[in-house]
Amino acid sequence: MKKIGNIYGNICTLDNLRLADKKAQRGKSKQYGVGIHKKNAEANLLSLQHLLLSKTYKTSPYTTFIVNEGKEREVFRLPYFPDRICHHAIMNVLEPIFKSVFTADTYSCIRGKGIHNAFYTIRRALTDEPGTRYCLKLDIKKFYPSINHDVLKALLRHKFKDNDLLYLLDEIIDSAPGLPIGNYLSQYLANFYLCYFDHWLKEKKGVKYYFRYADDIVILADNKPYLHTLLADIRQYLTENLKLEVKSNYQVFPVASRSLDFIGYKFYHTHTLVRKSIKQNFARKLAKGANPQTIASYNGWLTHADCINLYNELMRKFSDLNIIIENKSFTGEKIAIKKILNKEISVVAYKIGGSKYTDKGTGKCLHLQITLNGDKRVVFTGSSTLMQQIEKVPADAFPFTTKIIENEDRYEFT
C-alpha cells in the first residue's frame, strides 16, 4: 500500500480552517461555545493556524457525561475552539484518503455509507438464499475504550509518511484512553483501526457476504461449520493484531427461522421489518407530540421496510398533525388473484384505495403485497370479505402466512 506524505500543509491553510469552522457549526450554531467563537472568528482561526504550524497545538481538557441509549456510554466533549475546528480541518483533508482504504462493506459515520445504504446491500445479498442460509453475528467488547494507541499509531504509519501529520494525530490520540466517544475524529480512526481486518476477511479469507457497522459485524454463508471456524480465526486475528476481544454474546443461526436483527431492521429472505423497539419508540414519541423532524426521520425507517400497514396506520395520525408524507408503493409483478387461489402465500402488507373496478359496488380496491414461492407479487381485488378480514389483523402481526380460497363466489383468507 502506497504511503502518503506532504499533506500537513493542506490542513493548516486559512481556507481549510475557515471551511472547517463552517462545517463544525452545522446544527450547532446556537451552542454557547460557537457564539463566543463567532465574535472573534478570524483572529481565532489565525491563532489555530499558528498553533498548527508551530506544532504547539495541545488538546483541551475534556468534559464528560453519561448517555443511556440501551446501554450506558461515557461521552467526551471538547471545546468548539480550537479543538472541534481542528478535528474538522484534519478530516477535510484525510476523509477521502480514509474512504479510499475502507472496503465497500464498511458502514457508519461515512458519507454515503449509512444505515440505508447497508439496508439495500443486505437485501440484495439475501436474494441468494442458499448462500446466505446461516449468519454469524458478533460485536467487539468495549470497542472504543479498548483501541490500543500503539497499534493505531502503527497502522497510521503504514498509510502516512508525513511526520508533521503524525505528530498531530498522535497528540489527539494520546489525549484520552482508547478513542473517546464524541470526538469527530474518533469515528474515522475507529473505522481505520478495523479496515485492515476488513480487507483480511474479504481478500485473505474470501468472505463473500460481510457487513460491518461500527463494531457490529455480520457474515452470511451457506453452512454453520464454516462460520464457527471463521469465528475462531476472527478471534485470533483481533486478539493478536488489534488487541481486541469478541463479546461472548456472538451468535451463529439460520436466517430463515430467526431473522437477521441488524441496523434497526429484522431481515428475512422474503421481506424486512423494522425492529420492534424502533416502532415502540416512534409510537411513544408520536403520542407525546413528536416534531416534524423526528417524524420524518422515523418515516425513513418505515418506508424502507415491508411494513406498509403500520405505515398507513401512522399516516392517518400524521394527517391529524397536518404533516404530509409521500405514500409508499408496492413492489413486485402484478398477479391475478385466481392464480394464487389455494396456494400458500405470505401477506406482507396491504392498503385499500378507490377503484372503478369493484366487487358488488364497494367502490374500493384492496392492494396486497405478498410473497409467493419467495418472489414478491402484488394482488388487486375488490373483495369486500378480504377487506373486512385483513382490517382486523393487528399491525404487528404482519407478515402472516395464509391461503386465499373461493367460497360460494367470494374470496376468503383461510
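Please treat every number below as a calculation from the coordinates, not as lab data. It should be emphasised that the depicted structure is a prediction, and the values quoted were computed from it without experimental measurement. Positions of Cβ are generated from backbone atoms using ideal geometry, with glycine treated the same way; all protein chains shown enter the neighbour counts.
Annotations for the structure displayed:
- In the range 106-140, trypsin sites (Lys or Arg not before Pro) in a DSSP loop with at most 15 other beta-carbon atoms within 10 Å: ARG111
- Label sites at THR56 and GLU72, each approximated as a point 7 angstrom past Cα along Cα to Cβ, lie 4.1 nm apart.
- Between ASP170 and GLU406, the C-beta separation translates, for a Förster distance of 51 Å, into a calculated FRET efficiency of about 0.10.
- Cα gyration tensor shape for the range 1-135, rounded if a/c is under 1.5, else prolate or oblate: prolate
- Looking at the range 52-82, the GluC sites (Glu not before Pro) that sit in a DSSP loop and have at most 13 other Cβ atoms within 10 Å of their own Cβ are GLU69.
- Cα centroid separation - the range 136-194 against the range 210-227, whole Å: 24
- Residues GLU391 and ASN342, FRET efficiency given R0 of 22 Å [Cβ-Cβ distance, rounded to 0.05]: 0.45
- The label point for LYS142 and the one for TYR226, both projected 7 Å from the Cα toward the Cβ, are 3.6 nm apart.
- Footprinting exposure proxy for PHE380, PHE398 (fewest neighbouring C-beta atoms within 10 Å first): PHE380, PHE398
- At 1.306 mPa s and 10 °C, Stokes D of the range 54-112 from Kirkwood alpha-carbon radius, µm² per second: 111
- Label-point gap, in nm, between ALA43 and LYS205 - each point 7 angstrom along Cα→Cβ: 5.6
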